[in-house]
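A short reminder: the numbers here are calculations on the coordinates, not readings from a lab. What you are looking at is a predicted structure, and each value in this text was computed from that prediction instead of being measured. All Cβ positions, glycine included, derive from the backbone under ideal geometry; neighbour counts span all protein chains shown.
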Amino acid sequence: MARGLELAPLLLLLLAVVTGFCAAQLNCTCPTNKMTVCNSNGPGGVCQCRAIGSQVLVDCSTLTSKCLLLKARMSSRKSGRRLVKPSEHAILDNDGLYDPECDDKGRFKARQCNQTSVCWCVNSVGVRRTDKGDLSLRCDEVVRTHHILIELRHRHTDRAFNHSDLDSELRRLFQERYKLHPSFLSAVHYEEPTIQIELRQNSSQKSLGDVDIADAAYYFERDIKGESLFAGRRGLDVQVRGEPLQVERTLIYYLDEKPPQFSMKRLSAGVIAVITVVAVALVAGVVVLAITNRRKSGKYRKVELKELGEMRSEPSL
């Protein structure tokens with residue numbers, strides 16, 4: 001009996017350890033990235049999470065890089081796992097969703113080939129900035145995107161939002177939800193129903209640990225579309241003075257530190273058609289001008305000849 005009493009504290013301690021371990025396993029999730037696999041098998045039972053598709057260890061106290069998120073998304077599509085709803089607007093360079101190559105820090109590699117013999121160069125956001133080529137294509141560096149313009153169009157409301165209130169709410173959102181330093185949200189413009197959010201971040205301004213504007217913009221885009229990347233969250237609920245901000249259209253424009261390198265092949269059929277029409281109009285204008293001048297010259301010559309003939313027919317004095 002006494003021996004049983006001596007073992008009781010040990011059993012209680014063992015039970016507490018097991019209970020704590022099970023609780024840790026249940027609570028082992030990545031709050032900032034639901035496209036991860038987490039476990040508490042690390043040193044000291046610390047919860048560790050790795051991105052799906054790349055198995056890269058992610059920091060769950062901040063945003064995951066866009067490159068790793070796109071790779072995880074492609075892996076989920078291939079495996080049939082639907083963590084995020086497919087969207088044709090995932091990348092706004094009209095190339096569609098692709099499986100990117102990321103470096104050891106989770107950033108986009110300068111050259112992307114998507115496991116094919118067709119390659120292209122991308123910027124730091126992963127958007128194509130050159131024409132597509134073959135495996136001989138060289139991309140010497142990842143050109144940084146230093147200015148991102150997010151353009152939103154909100155649904156009809158009884159009255160326009162107050163610009164100052166809208167500005168304050170969006171700044172609070174990017175700072176608290178996306179951990180973006182306030183200095184990197186340079187401006188919020190508003191002309192009902194269009195809202196424009198400007199994010200600016202040069203290479204020299206970004207310090208170690210700062211959230212990249214590319215990642216903040218991508219998380220915001222997914223939230224707006226109701227496809228939140230945060231664990232346990234569905235979408236974004238933004239209210240301005242109690243009035244919900246409901247977005248019906250989103251466009252994101254990227255400006256790089258160096259201009260893109262596209263040839264005429266990059267131009268759309270509509271732009272090429274406009275150029276062709278303008279060229280034809282210019283040629284037609286030149287032809288009409290030449291014909292007009294020629295006709296005028298012909299009339300002058302006929303008049304001169306007629307006058308000369310009349311002068312010759314006159315009797316000499």
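Okay, here's what the table says:
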{"read-out": "Of Lys34/Lys71; Lys132/Lys206; Lys109/Lys258; Lys34/Lys206; Lys71/Lys258, pairs whose Cα-Cα distance is over 20 Å", "value": "Lys132/Lys206; Lys34/Lys206; Lys71/Lys258"}
{"read-out": "Of every Cα-Cα pair in the stretch 109-252, the percent that sits beyond 26 Å", "value": "35"}
{"read-out": "The stretch 113-168: proportion of alpha-carbon pairs further apart than 19 angstrom, %", "value": "53"}
{"read-out": "Signed unit charges on C-beta, dipole axis of the stretch 136-248, positive-most listed residue Leu173, Leu245, Ser207", "value": "Ser207"}
